[in-house]
1. Take the conditions touching a helix residue (DSSP H, G or I) at 6+ places or on another chain (Cβ under 6 Å), at pLDDT 95 or above, buried (at least 22 other Cβ atoms within 10 Å of the Cβ) and over 29 Å from residue 340 (Cα atoms) and apply them to residue 426. Does it pass?
2. Hey, does region 235-242 have a residue that's within 13 Å of the ligand (Cβ to nearest atom) and in contact with a helix residue (DSSP H, G or I) (Cβ under 9 Å, 6 or more places away or on another chain)?
3. Tell me which residues, restricted to region 100-112, are out of contact with any strand residue (DSSP E or B) (no Cβ under 7 Å at 6 or more places or on another chain) and surrounded by fewer than 24 Cβ atoms within 10 Å (Cβ to Cβ).
4. How many residues does region 40-66 hold that are in contact with a helix residue (DSSP H, G or I) (Cβ under 8 Å, 6 or more places away or on another chain) and in a helix (DSSP H, G or I)?
5. Which pairs turn up if I take residues in region 159-175 that are in contact (Cβ under 8 Å) with a residue 24 or more places away in the chain and look for partners that are part of a strand (DSSP E or B) and crowded, with 18+ Cβ neighbours inside 10 Å with beta carbon separation below 8 Å, at least 6 apart in sequence or on another chain?
6. Can you tell me how many residues within region 342-360 are more than 16 Å from the ligand (Cβ to nearest atom) and in contact (Cβ under 8 Å) with a residue 12 or more places away in the chain?
7. I'd like to check which helices (runs of 4 or more DSSP H) are fully inside region 84-181 and have at least 1 residues that are within 24 Å of the chain's Cα centre (by Cα), on the phi < 0 side of the Ramachandran plot and more than 13 Å from the ligand (Cβ to nearest atom).
8. Listed residues 97, 53, 71; which is under 24 Å from residue 405 (Cβ atoms), crowded, with 21+ Cβ neighbours inside 10 Å and without any contact (Cβ under 8 Å) to a residue 60 or more places away in the chain?
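The values are calculated or read from the model by the stated rules, or taken from the named source; none is laboratory data. For clarity, every value in this text was computed on a predicted model and none was experimentally measured. We place every Cβ from the backbone using ideal geometry, glycine too, and count neighbours over all the protein chains shown.
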Ligand code: UD1
């Protein structure tokens, strides 16, 4: 891993650790829902309004992908107004898709609407190779002709009516993205599609509810068998994204790692069963104050525990790095096993620079608890790794400087602003001068 030179002027986060936090956190809409709902809006040739959309670089990038396809998209506060009436382009630009893997998921709705879609392969990313074979094989089962040439997936529906056909599809792995791609494609297909071994993530359910609000006929979302009966067209919708369960989990760990009581809303506690169970095993209490509010009450001591990431309702891979930060300060040994992505341990070396004692072998990490971490310059390697470093920095003695903030800005809506409100000593500064810097998020047109 390379640490950038002293001349690097990219903003960094400076955290002075060791301070207790307190107060309430307002949770934003779920990144992974917002992105796939934006893709789903392509299914509809009338106006779509998606509310509770977080302000994130990934959302802005997905907006650019939709614009490149001829879709009108504007942001009004936390709402996106999307008009895909004039969807005309079937080819997504490589520069955008390569930066945002979720934008590949437009292949399903684009094919269903236009009968043709040309999407560059998203390629690998920091956490793994991330193939799209399950998406492709599912679309082929629905009658699409799919060729991969020169790094681009060319999909088209042969025949005169250019409509996909319902099919029975067994997914070898309950992939979130493949379930979403195929569910969207099936909403406008001719006949019934049955997705077996489907992903059960709350974001899949949110997409199903969004599509149903547009007139799609979907049942079983949230179980491993989803049945979609195709309809000829979908109508306009006004829909609010669910709260971000990974943001909730990250703030729950912020409470546990700084031994602070925090109250979080709005949340859907049922989406966090595995995360709450592990916090309890570590010694924190998570109290449901109202149906949509959780309070973390940290225990006096923190205990080690073992964690294995799994598809929902198992422990989420998107919370693995944050829990690793917490377990570095827990008593005894813990083992984390990452089963979803093959290369999601980039934060280990950085946590060790802060005094953690973690060893990895393959997809296992053995964490020996240490009494304290010390602030250090560190580099974020991916989105959730960057959150783990922020959490470690909040608990560490001294100052932590985090580089690579473009990862953090992809997926957390104003994390440092929210932490500041809780009393954290955190600021974004220019890499070399130490001057306070402003955020450099891409901006979506506002009406
Ligand atoms: C989504 C989430 C991501 C989360 C992940 C797992 C979005 C935008 N992102 O990613 O935050 O970490 O779910 O909960 O929603 N795979 C294949 N072939 C395929 C598709 C996937 O082998 O065609 C493999 C992947 O390489 C990976 C595993 O399946 O090892 C899980 O991936 P998947 O569930 O598809 O994750 P994403 O939808 O990309």
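1. yes
2. The answer is yes; a qualifying residue exists.
3. Across region 100-112, the qualifying residues are 100, 102.
4. Adding up the residues that qualify gives 13.
5. Pairs that qualify, where the first residue is in contact (Cβ under 8 Å) with a residue 24 or more places away in the chain and the partner is part of a strand (DSSP E or B) and crowded, with 18+ Cβ neighbours inside 10 Å, are 166/193; 166/228; 167/193; 168/193; 169/193; 169/195; 171/195.
6. Final tally of qualifying residues: 11.
7. In region 84-181, 94-97, 107-114 are the helices (runs of 4 or more DSSP H) which contain 1 or more residues that are within 24 Å of the chain's Cα centre (by Cα), on the phi < 0 side of the Ramachandran plot and more than 13 Å from the ligand (Cβ to nearest atom).
8. The match here is 97.
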